[in-house]
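Derivation of every value follows stated rules applied to the coordinates shown; laboratory data play no part. The structure displayed is predicted, hence computed values, not measured ones.
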Amino acid sequence: MMKLASSILWFLWGATAFASLDCPLQGNVVLTDGFSLSQVMNTEEQTVTVQLTYQGQGWIGMGFGTGMLNTVAVIGFPDENPALYTLGGYDRASVTELDDQSALRDRDFTQTETESILTFTLSLTENVGINLMAGEETSIIAAFGMSNTLDYHSFRTVQRVFFTECAGGMPTDSMATPAPVAGEDSMPSVESPVEAPVEAPVAAPVSAPVASDSAPAEGVISIGNGATLFTEANEEQGTIFFEIVYEGQGWIGFGVSPGQTMAGSEVIIGVPGSAVGPTNPGKYVLSSQSLAGVTLLPSEQQTLIDATIEQNETHTVLRYSKLMEEDGEFSLSADEPNPFVFATGISNALGNHNQRFTFSASVGGSASGFSSEPRRELWAAHGALMTIAWGILVPLAISCSLLRDLIPGPEGLWFRLHQFLNSLAITFTIVGFAIAVYAINDQSEGEPEHFDDSPKHKLIGLIIFILAVVQGLIAAFRPHLPKADKNEENVEQPKEKSTLRFIWEIKHRVVGFTLLGLSWYNVDSGLKLFADLFQEDDMGIVFWVVVGVISGLAILLFAFTKLRKSGD
């Protein structure tokens, strides 16, 4: 009975609200999952009627323009008549209700447990800064709130819409099946919207929402788990406005990262719970991943405009405008993609983060190249394995071969040591290579670039990996010395060797020393990359000291044995 009574009331309201209008609402435009728009323009009465339906509970707003600033919007929420507002800024205090509401007619906001509906008719003859033409694209901005209190929006989009013309009768152009006046179950669901014929004009989105698991779209960019970014440039003032909405409670950090890492970045950090002031949100530089490396810039560089950090029970929002060009700071571009870094905290206290990402994004556009911050433990393990393999194990293996006459023990011990050390080095190389591949996958989104030539370290690493595995396999299936020689590895009888064995030995030495040279170069470059990435000391000097001691001793002892033999 309640449902029947509700349906009758909805019908009576719809019949009253649109009794003077013979133009049914047209064109169900899906703005995002669970948020749709229907509209019609009455050219005879010079009015436009709009209905916005949100599958949830929250305030709803719609304006005419491409951005929030200086836009006239109709906003509706429970227990209040929808009204015209001017949006002078990005905070609640800048949303001002107009004194003259005469342009707004037949306005209504209704809500059930699952649905919120804003409906209004707007006169086009009143001077409220709106210029609409039937059949032409009009930019609209639409949003719905996190709650029924006019405050943070949980979604915002800018789209271009064709308003359908109606001259007092049925629409002049063939449109979709008319969307009924608001009522329980009266609007089609997002899963099954009313479909328009091919001839019908459709909305051309400018900035689609990113409130789901779909790929980031233009305008509103998904930048993390439960976080979105909105940007808008004001080239006259030389500023860019940033708004980061995080579905959670914790500090927010966002800024420019030319190196696509935390270390070396310039960021703005907002700490909820602390008083908003000149340094909260404030500008910081990051010299490392630890809290000790987070340094607040001097007061003369705290030049953010209208910076706020706000929080309710479910969301945290960081807003600010920043000059694109500032002395001693990284520049921002209104036209080209900018390299950004983003993080949120595990709590409101500035400390450990629960997520961090780097990416490139254009202002008011889309983002690409999402990458989480490199994990130090993975790259440290990769570097340690490669350094031990090629800085210690392989030089010792070569030393065993060169100094076979000085190694005590049973005959052939030098070869078993040579074989064991090389096998261990190849094992370390395979494991270290696998860790590097995993680390790149871990910090990359989409198709990671494992072996591009920037830096060359990755490409050379691939070459070393392939050569090392091939060298090990060929060594395992090497041509043997003549069976008459009891010591299979005695190379004191070169005349006894087959041609294949001779060629193999030449190849073994050439590839071995080539591998050693490439690996020494790559270990050194890798240690430099690690130091730059995590703002730590370059351990290259330690590596070269170890390599120098092992190699130097081996060469001196080898020379000594040759001199002793020649003396005999």
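Calculate the translational D of the range 220-372 in whole µm² s⁻¹ from Stokes-Einstein, where the hydrodynamic radius comes from the Kirkwood formula applied to all Cα pairs, the temperature is 10 °C and the viscosity 1.306 mPa s.
Reported coefficient: 105 µm²/s.
When only Cα pairs under 8 Å and 6 or more residues apart are kept, what is the percent relative contact order across the range 279-361?
Result for the range 279-361 is 18 percent.
Return the whole-Å distance between the Cα centroid of the range 373-403 and the Cα centroid of the range 404-432.
15
Could you give the distance between the Cα centres of the range 39-56 and the range 61-98, to the whole Å?
Cα centroid to Cα centroid, the span is 17 Å.
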